Amino acid sequence: MREDNKQHVYQLYTNFIEHCLLKNNAALTNEEDIFSLENLFKVKACFLDKAIDGSGPSYWDKIKLQFQEANYQVRLCFVHLNWLWYLPANDIKPETKKDTPFWILKDEEFTERFNNNKKDNYFPLEGIGSAGQYHKTNKPMEINFLLILCILIKQAVEKGELNSVEDVNDFIINNANNVFDENTYNIPEKEYKLLENRAFAMQNLIMHLAKPEYYEPIASKQDKAAIKSNFYALIKDTEEAKAEGLTIDDEIHLIKKELEKSGITNSFYAPQLWSIWNKGLHNVSEDIMTLQFKKALVYYGPPGTGKTHTAKALAESFITNHFLHRKENLKEYFDNGLKDIDDRIHKLQFNPNTSYEDFIAGYQLKATEKGSETIAVKGQLFDIIEKANKENKTTDEKGQVKLPHVLILDEINRVDLSRVFGELFSAMEYRNEPIKTAIKGIELTMPDNLHIIGTMNEIDFSVERMDFALRRRFVWKFKGYNDAVLLEMLGVYFNDKHFEELKNDYVDACSALNYYISNNIEELGEAYQIGHTFFAELSKVYQEHYNLTGKGRLKKKLFKETKDILWSISIEPMLVAFLGNTDKASVKEYINRAYAIFSNGK
């Protein structure tokens, strides 16, 4: 983004502190006695204490109900909290930011008063970075976080403890991460439990606004963990990084300084750095650590949950992460990338015909000068081991630790894994030691730098049915339906503001359907959840339906028709197949209930 736009955001934030937090005035209008402690508690009474749960009414419909008795001052006070929520975000459209006050004030007299008093350029054209999908879907909770934080600040101001912009910013940095440590303001127990241990994007964003030269504009804690995981090698040997009590923000600041020493001053979200740490993984640091120390993991779960995609992304991130363990590799990576990364990722697709002889070793009849001869032949695994052994790039300063290779075994549920793996179980446990195979003269030695990721559809074969010898050699990670991923996938196509409510309601309906499948259909359960990739096909179906019938028609009607088409061609047949051994009357009852949930979200 342009530097002047960024500075505009910082200036608006400073104005908010000066006018609203240190005084009781408005930042968006030329009015006094708006952002007072009294009005903030009235906002709490309307918005937090009378929270409307569920996925029925939209956010704006709920606001209308909650604030129907509130006066202009209380509504404008609440406008400021919404304004502060979208201030740092550049993935919210300017017209949305501009129109928000009118959606909250609603009343004609109130909107006229706002128009007569509003300041020029009270909303920024851009933010300071992408706030992410969680920032949007978690909006009510994010607003609650800002509400209580502002109450804490205002009370400290009234006590004379905070007297300047610098004082307020220091208070934010010291307290943003413990706003809900105690239920100081008698928040209803149900709502407090939702807030107590929740992550807030605004925790991270407001700390950046408070001290932009130190805190990065990163909304997601997962993004911070991924950045630290992928770049930590740059600082691990420095004295600063060895200091006690460092937070992840301190470590990222040290990483940023090391990058700047190499002439890299870009944002972590710039393509040059983004491609290193963001591989579409939601727990990248945890999965990298698992693969590093256990050397083998399996993603299992329902079909359509992105297990194979995640395995490939993890392999790329894992290898890149190791390549960057050496600082001198950083410049090479930025200049040329990590060449031939695909040569270090080996994928085998298992099927019912895959055998020990294919994978490990076997005997084959070969023609010779004397006729024919039975000879021992190594399987596919030995070719992969040979490539890992021949790796010439290293990840340590002494040049002794080879760059890792990753073997992806897709759909391991389709074979008798204990039989196909054979001696590999022992070889995985006793790395670099030769293990005799069932084939005379062939020994199996598993190198340290070969790691394994498996994928498995639990519908076909549950983890509980695996023998213990197999289960204990892998870390098993469930990959189920993910509403946040679905929302991201839909957002690529349905990115118009007119789709915002339809899209959110659709995701809520998909989540409700999977809850029904997991908890209310005795014959199914969590393993039969419908994966987000199946639900995401809505965008493709919508486009086809629009091309055939949609021009000039209402988007809402088209969207409803598209949902029904997707139900008929994909979701219903899948559920019927899952219920194949259930009596027809029960199947009909389950399907009718499932359709009602999918159509209406409840």
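What the table below lists for this structure:
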item	result
Selection within segment 297-314 - buried (at least 22 other Cβ atoms within 10 Å of the Cβ) and of a type in the set (A, V, I, L, M)	Val298, Ala311, Leu314
Segment 478-521, subset of a type in the set (Ser, Thr, Tyr) and in a helix (DSSP H, G or I), residue farthest from Gly306 (Cα to Cα)	Tyr516
Evaluation of Asn413 against (1) touching a helix residue (DSSP H, G or I) at 6+ places or on another chain (Cβ under 9 Å); (2) in a helix (DSSP H, G or I); (3) over 30 Å from Tyr333 (Cα atoms) (one fails), failing number	(1)
Search result, residues across segment 14-70 that are open to solvent by 50 Å² or more (accessible area, probe 1.4 Å), among the charged types (D, E, K, R) and either part of a loop (DSSP other than H, G, I, E, B) or touching a residue at least 60 places away in the same chain (Cβ under 8 Å) (or both)	Glu18, Lys23, Glu32, Asp33, Asp49, Lys50, Asp53, Glu69
Test for Lys242: is it among the basic types (Lys, Arg) and buried (at least 18 other Cβ atoms within 10 Å of the Cβ)	no
Near pairs, Cβ below 9 angstrom, 6+ apart or cross-chain, from segment 581-602 (of a type in the set (A, V, I, L, M)) to any residue that is open to solvent by 40 Å² or more (accessible area, probe 1.4 Å)	Val587/Val576; Val587/Gly580; Ile591/Glu572; Ile591/Val576; Ala594/Glu572; Ala596/Lys602; Ile597/Tyr515
Residues being polar (S, T, N, Q) and surrounded by 10 or more Cβ atoms within 10 Å (Cβ to Cβ) - total across segment 579-591	2
Search result, residues across segment 74-88 that are under 11 Å from Met202 (Cα atoms) and hydrophobic (A, V, I, L, M, F, W, C)	Leu84, Trp85, Leu87
Yes/no for Asp99 being assigned to a loop (DSSP other than H, G, I, E, B), out of contact with any Ser or Thr (no Cβ under 6 Å at 6 or more places or on another chain), charged (D, E, K, R) and under 24 Å from Met141 (Cβ atoms)	no
Which listed residue is out of contact with any strand residue (DSSP E or B) (no Cβ under 7 Å at 6 or more places or on another chain), under 19 Å from Ile173 (Cα atoms) and surrounded by 12 or more Cβ atoms within 10 Å (Cβ to Cβ), from Lys224, Lys257, Lys228	Lys224
Where a residue in segment 264-282 is modelled with pLDDT of 70 or more and assigned to a loop (DSSP other than H, G, I, E, B) and its partner, wherever it lies, is among the charged types (D, E, K, R) and surrounded by 15 or more Cβ atoms within 10 Å (Cβ to Cβ), with Cβ under 7 Å and at least six apart	Phe268/Glu216
Contacts under 6 angstrom Cβ, first residue in segment 206-231 being under 13 Å from Asp250 (Cα atoms), partner hydroxyl-bearing (Ser, Thr, Tyr) and modelled with pLDDT under 90, 6 or more apart	Ala225/Ser285
Pairs, first touching a residue at least 12 places away in the same chain (Cβ under 8 Å) and on the phi > 0 side of the Ramachandran plot in segment 304-331, second crowded, with 23+ Cβ neighbours inside 10 Å and part of a helix (DSSP H, G or I), C-beta under 7 Å, six or more apart	Gly304/His532
Set Gly362, Gly371: member being at pLDDT 85 or above and farther than 22 Å from Ile227 by Cα	Gly362
Residue match in segment 444-456 (condition: at pLDDT 85 or above, among the hydroxyl-bearing types (Ser, Thr, Tyr) and assigned to a loop (DSSP other than H, G, I, E, B))	yes
Flag if Ala201 is under 18 Å from Gly129 (Cβ atoms), open to solvent by less than 40 Å² (accessible area, probe 1.4 Å) and among the aliphatic types (A, V, I, L, M)	yes
Hits in segment 163-184 - residues which are in contact with a helix residue (DSSP H, G or I) (Cβ under 9 Å, 6 or more places away or on another chain), under 19 Å from Phe200 (Cα atoms) and assigned to a loop (DSSP other than H, G, I, E, B)	Val179, Phe180, Asp181, Asn183, Thr184
Members of segment 315-346 found to be surrounded by fewer than 16 Cβ atoms within 10 Å (Cβ to Cβ) and closer than 30 Å to Ile375 by Cα, listed by number	Asp343
Residue within segment 425-442 that is under 33 Å from the mean Cα position of the chain (by Cα), surrounded by 13 or more Cβ atoms within 10 Å (Cβ to Cβ), among the charged types (D, E, K, R) and in a strand (DSSP E or B) present	no
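The rows are residues; the columns are (1) farther than 23 Å from Glu38 by Cβ; (2) over 29 Å from the mean Cα position of the chain (by Cα); (3) assigned to a loop (DSSP other than H, G, I, E, B).
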{"position": "Asp91", "(1), (2), (3)": "yes, no, yes"}
{"position": "Ile104", "(1), (2), (3)": "no, yes, no"}
{"position": "Phe114", "(1), (2), (3)": "no, yes, no"}
{"position": "Asn121", "(1), (2), (3)": "yes, yes, yes"}
{"position": "Leu125", "(1), (2), (3)": "yes, no, yes"}
{"position": "Ala131", "(1), (2), (3)": "yes, no, yes"}
{"position": "His135", "(1), (2), (3)": "yes, no, no"}
{"position": "Phe145", "(1), (2), (3)": "no, no, no"}
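The values are calculated or read from the model by the stated rules, or taken from the named source; none is laboratory data. Here the structure is a predicted model, which means the values were calculated and not measured. Ideal geometry is used to build each Cβ from the backbone, glycine not excepted, and the neighbour counts take in all protein chains shown. Heads up: the accessible areas ignore ligands, DNA and RNA and are worked out on the full protein's heavy atoms, side chains in. Shrake-Rupley method; radii C 1.70, N 1.55, O 1.52, S 1.80 Å.
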